[in-house]
Amino acid sequence: MVDFLIAESVVAILKVTECLANEDRRKDESCLAVRLLVSARHFTMLRLVRKRKGACLLLVTTLLALTLLLSSQTTVDEQSAKLIASDLSHLNSNRHLDRRKPNSEPEPVVGQLSYLGQVISDSVAWKKPNCSAVINVAFVKTHKAGSSTIANILQRFGISRNLTFALPNMKYRQYGYNYISKAGESFTPEKLIPLKNGSRRGYNILCNHAIYNRSAFRRVMPANTHYISILREPFAQFVSAFEYYGAREVFSKRNKEILTAKNPISSYLQNPYKYEQRVIHFSYWKNKQAEDLGLGWNEFLMADKLSQYLKDLDIDFTLIMIMEYFDESLLLLKRKFCWELKDILYIPKNRNKRKPHRNFTDVDYKRHKSINHLDYALYAHYLKLLDKELQKQDKDFFEELAHFKDLLKKVTHSCNAGTSFYTAGTRWHDDLAISKRDCYLMLMSELKGLDILLENAGAFDKNRGVNRQQIDSAKELRPSSLRLSSGKGLPPGGVQSQLAAHKQKGGEGEGVKAL
């Protein structure tokens, strides 16, 4: 009788809790009836306190556990509560078994929670997405907008999957050897290193500098290629480019006044034509992002042409990211491309740590906008599109975003400290291991990554007339563990086997050394 009342009370208490948690149902007749029912049964049970102290103690324990459960905002449905109550109802009759095996506990199934002796399904475990990862990607790089970091992500993605890169057919270490095409140049298949042995598989990834041209890109990339790019707030991009490319020294050759100016950037904006020709509307300091994306004189002079070009870009590109929302953009990329969270981990590249701090006025901003209207139009358009995209995301997206940001800090710290990294799986990824090889790839510069890819493409063969001794720091640029063809230098079984061995030893936590 007591066991039956205990079981029924647990179910009823959960019903009352559900009613109280929902303001709209508190005055509902069914809720009021449940509350009265519980009150009556509690009165009956109080009469049994003196006779069955053990049962009452068990009920108090159950109520305490339920209180803690509600305080952590965890939901248990009625069916699960019935299972719990059923398990509790047999607890007294099985006490003699517990005495025989005092350490015996029900073993939860992998990926599930053990709650009060009853296994309850847990939806937190990571599930491999039911989709195929995108492997054909063309990244249109923009200057001083975080594009080197994106290029590193793509280099690592391709290296880990033995993909084929569209690489510039330039002499090694020649100035601009990381460019496929520059402004004013045509982009033809001859600009790329030919595929090995006449392969017909085609290129998978293009991530070096090349001015976007729809027909030229489609001539060398597969039909199912996804196109991506990134933009930065125009004034911030301009300031970064001004400092990074040494505009002060460049402009001083035309007018030395800029060398004595308190703020050389403000001095340039007061009269750009002191330092550049009037006919120049595209340069490293004017509409550079627009130029990278293929906009030209027609779009500069005619608003209708600009509007149409933006519509064409919307059709061509799967995603144009925004640097000011870098992590949000990457997470969208990951979901659109069916990639894993490890694929988009990064350590920032090409940061100018010596950039001086300068103050600017509203007049400076207005002057800049007047000579860079294409960059501003591009940025405003795609910032609005990104905002719409983010507005459509659910709570899970932003919870994954917070986890991603936290993971980035830990991985960056671990890699900079020279250690490997491990963290247990979540609902967004499986058990995650970052080896020292992974850290090397994340920390390497874009040009070092290009050198590795060039060698694997056969660009340093003797028949190309390039002496291997020309390569600086050969061991650093061409570690055996990064060779795609032989796979030498990798530990037996790779990272996953090491991770399994680590877990068998009972290892856990983050920042584990020498995985």
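Points worth noting:
- Residue list for the range 186-195, filter: assigned to a loop (DSSP other than H, G, I, E, B) and either within 13 Å of residue 459 (Cα to Cα) or open to solvent by 90 Å² or more (accessible area, probe 1.4 Å) (or both): 193, 194, 195
- When restricted to residues that are part of a loop (DSSP other than H, G, I, E, B) and open to solvent by less than 60 Å² (accessible area, probe 1.4 Å), the range 196-232 contains 13.
- Selection within the range 418-437 - more than 21 Å from residue 127 (Cβ to Cβ) and in contact with a Phe, Trp or Tyr (Cβ under 6 Å, 6 or more places away or on another chain): 434
Residues checked against (1) of a type in the set (Phe, Trp, Tyr); (2) modelled with pLDDT of 95 or more; (3) closer than 25 Å to residue 325 by Cβ:
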{"residue": "139", "(1), (2), (3)": "yes, yes, yes"}
{"residue": "143", "(1), (2), (3)": "no, no, yes"}
{"residue": "154", "(1), (2), (3)": "no, yes, yes"}
{"residue": "164", "(1), (2), (3)": "no, no, no"}
{"residue": "175", "(1), (2), (3)": "yes, no, no"}
{"residue": "201", "(1), (2), (3)": "no, no, no"}
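- Subset of the range 219-233 [without any contact (Cβ under 8 Å) to a residue 40 or more places away in the chain and touching a strand residue (DSSP E or B) at 6+ places or on another chain (Cβ under 8 Å)]: none
- Candidate set: the range 237-286, residues that are among the aliphatic types (A, V, I, L, M) and not in a helix (DSSP H, G or I); chosen: the one farthest from residue 373 (Cα to Cα): 261
- For the range 365-408, residues that are in a helix (DSSP H, G or I) and under 30 Å from residue 242 (Cβ atoms) total 24.
Residue by residue, here is whether (1) open to solvent by 20 Å² or more (accessible area, probe 1.4 Å); (2) farther than 19 Å from residue 226 by Cα; (3) assigned to a helix (DSSP H, G or I) holds:
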| position | (1), (2), (3) |
| --- | --- |
| 309 | yes, no, yes |
| 312 | yes, no, yes |
| 320 | no, no, no |
| 324 | yes, yes, yes |
| 347 | no, yes, no |
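- Sole exception among (1) in contact (Cβ under 8 Å) with a residue 12 or more places away in the chain; (2) open to solvent by less than 40 Å² (accessible area, probe 1.4 Å); (3) farther than 21 Å from residue 376 by Cβ; (4) not β-branched (Val, Ile, Thr) for residue 261, by number: (1)
- Only one of the listed residues (114, 160, 123) is over 30 Å from residue 378 (Cα atoms), at pLDDT 90 or above and surrounded by fewer than 16 Cβ atoms within 10 Å (Cβ to Cβ). That residue is 160.
- Complete set of residues in the range 361-379 that are open to solvent by less than 50 Å² (accessible area, probe 1.4 Å) and either of a type outside the set (A, V, I, L, M) or free of Cβ contacts under 8 Å to residues at least 24 places away in the same chain (or both): 364, 368, 372, 375, 376, 379
- Pairs with Cβ under 7 Å, 6+ apart, first in the range 380-393 and in contact (Cβ under 8 Å) with a residue 12 or more places away in the chain, second open to solvent by less than 50 Å² (accessible area, probe 1.4 Å) and not in a helix (DSSP H, G or I): 382/231; 382/320; 382/322; 383/322; 386/322
The values are calculated or read from the model by the stated rules, or taken from the named source; none is laboratory data. The shown structure was predicted, so the numbers you read here are calculated from the model rather than taken from an experiment. When we count neighbours, we look across all protein chains shown, and the Cβ atoms used for this are built from the backbone with ideal geometry, even at glycine. These area figures cover heavy atoms from the full protein model, side chains too; ligands, DNA and RNA do not enter into them. Shrake-Rupley method; radii C 1.70, N 1.55, O 1.52, S 1.80 Å.
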